[in-house]
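The values are calculated or read from the model by the stated rules, or taken from the named source; none is laboratory data. The structure presented is a predicted model; accordingly, all values stated were derived computationally and were not measured. All Cβ positions, even for glycine, are placed from backbone atoms using ideal geometry, and neighbour counts span all protein chains on display. Calculation scope for accessible area: heavy atoms of the full protein, side chains included, ligands and nucleic acids excluded. Shrake-Rupley method; radii C 1.70, N 1.55, O 1.52, S 1.80 Å.
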Amino acid sequence: GSCTGEGECEVGATRGCGKNESGRQECVAGCTWGACEGEIKSCEGTKPAESESCGKCGTRTRTVTCNTTTGQWNTPGEWSNCTGEGECPAGSANCDSSCRCDTGYRWDGSQCKEDIMECDKDKKPAGEQSCGCNKKGTQTRTVTCNEVSGSWNTPGEWGSCSVKECECADGETKSCGECGVQTCKTDGTGWDTCQDITKPKDKTEDCGTKCGKKTTTYSCTKTDTTAQWTANEGACENEGVCTKGSGNCSSSCLCNTGYTWDGTNCVESCTTGTTRSCGDCGKQTCNAGGMWAPCAGTPRPDTSGNIYCANNCGVQRRTAVCNKAAATWSVSTSECTPARSFEWESGGGSQGVGAWYDPNELASNSGYGPPVQITFEDRGKPCTFEQCRDKACGYIFREQRNPYMVLNGCYDCFAVGW
């Protein structure tokens, strides 16, 4: 059947108990809860006073604690000594609520008694003092005795001084006038006469490399205590265009008459639109700025070299001629000039004929000597190791081959009419 007659708890179980469950209970035999143990109890009821009035408006204190086991208030100690007392019992004659004698009364040990006190003359504050410039004046004030408190009173301020304050301190300076300085008098009662500093004269002098001028002026720089003239150097102005002493530049740094400044030099000036010959065969035009433009024209034709004629043993020369008005070249060609000839005897006796050009027409023009003597065996042979400039007429000698071939120049040679 069903279990009946059960108790409140299971033996050995525990739980919180008491106020805020601060204690513990254990289930004991018979399945009932045992007594609540360890409960923290708060004290109920009015807490005993921790302080109270005592004596002459004083206060005393004591310690009050709560027994959390019993819930009872405890006062384990005694009252402290009375502190903060006044001088007379509260409610007594001429005694105020703070247990102090009323104003004009003092405690004589048994009562508050009316009292008149004298002030200590040795502690009386000064009623007069020195003042003003260098302490040469005086000023006064009122000093009274409070017969109730026995203390001195100074109800008013110091009166005016019989001497005014110093205007300045000995040795002090200040700026004055246009550019001057004043010094304080030794007694401090005022300032000496203003000492103006003489202003330097403005000056103008040369500057730069192109005859410029600059002017130095002077202005006064002042502070509260000083003054002085300060130089203000102006910019270099009114310069010319060219450096004095440079080409076509005058002593005033302007280009001489007939010349104008091109930004770098003084160059010859001209009338806009006019032209002139220049250079080898060129033309210049005067531009809008009144200056000659660069020389322009055709280059000189190449007339070097010769045109050979007469079976390549004659020569024609070309000459270049400038038409200055048009700034153009024309080339003319001369008539044919035959080569000159000479004779020589060979070593075997037969004569041969040779030809040479004018020295100016040869590759080397170190000079020509007499007819060259060669041997008969040399007929028809090349007579040098170097060819002529244009191979027109044989070969040239450049060394001594034997006593019969003394060479002192460059010659054209070839065997003709042996």
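For every residue, the table says whether it meets (1) closer than 21 Å to Lys213 by Cα; (2) of a type in the set (Val, Ile, Thr).
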residue: Ala227; (1), (2): no, no
residue: Gly234; (1), (2): yes, no
residue: Val241; (1), (2): yes, yes
residue: Tyr259; (1), (2): no, no
residue: Cys286; (1), (2): no, no
residue: Cys295; (1), (2): no, no
residue: Pro299; (1), (2): no, no
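Per the conditions (1) aromatic (Phe, Trp, Tyr); (2) open to solvent by 50 Å² or more (accessible area, probe 1.4 Å); (3) under 33 Å from the mean Cα position of the chain (by Cα), the sole criterion not satisfied by Trp229 is (2).
Being outside any loop (DSSP other than H, G, I, E, B) and either of a type in the set (Lys, Arg) or more than 30 Å from Trp191 (Cα to Cα) (or both) is a condition met by no residue of the range 160-172. Between Lys214, Lys201, Lys244, the distinction of being farther than 30 Å from Ala169 by Cβ, basic (Lys, Arg), out of contact with any Asp or Glu (no Cβ under 6 Å at 6 or more places or on another chain) and surrounded by fewer than 12 Cβ atoms within 10 Å (Cβ to Cβ) belongs to Lys201 only. Does Glu44 satisfy the criteria of being acidic (Asp, Glu) and assigned to a loop (DSSP other than H, G, I, E, B)? Here the answer is yes, as Glu44 does meet what is asked.
Residue count for the range 190-223 under the criterion of being assigned to a loop (DSSP other than H, G, I, E, B) and under 32 Å from the mean Cα position of the chain (by Cα): the result is 3. In summary, Gly263 fulfils each of the numbered conditions (1) out of contact with any Ser or Thr (no Cβ under 6 Å at 6 or more places or on another chain); (2) at pLDDT 90 or above; (3) exposed (fewer than 14 other Cβ atoms within 10 Å of the Cβ); (4) more than 30 Å from Ser130 (Cβ to Cβ) with the single exception of condition (2).
In the condition set (1) in contact with an Asp or Glu (Cβ under 9 Å, 6 or more places away or on another chain); (2) without any contact (Cβ under 8 Å) to a residue 12 or more places away in the chain, Cys3 is compliant with all but (1). The condition of being free of Cβ contacts under 8 Å to residues at least 12 places away in the same chain and under 55 Å from the mean Cα position of the chain (by Cα) holds for Lys135.
For the range 247-259, give me the residue count where each residue is open to solvent by less than 40 Å² (accessible area, probe 1.4 Å) and of a type in the set (Ser, Thr, Tyr).
Final tally of qualifying residues: 1.
One residue is enough: does the range 71-80 have a residue meeting the conditions in contact (Cβ under 8 Å) with a residue 40 or more places away in the chain and either loosely packed, with under 13 Cβ neighbours inside 10 Å or of a type in the set (Asp, Glu) (or both)? For the range 71-80, residues in contact (Cβ under 8 Å) with a residue 40 or more places away in the chain and either loosely packed, with under 13 Cβ neighbours inside 10 Å or of a type in the set (Asp, Glu) (or both): absent.
Per this entry, Glu178 is counted among residues that are under 56 Å from the mean Cα position of the chain (by Cα) and either of a type in the set (Lys, Arg) or part of a loop (DSSP other than H, G, I, E, B) (or both).
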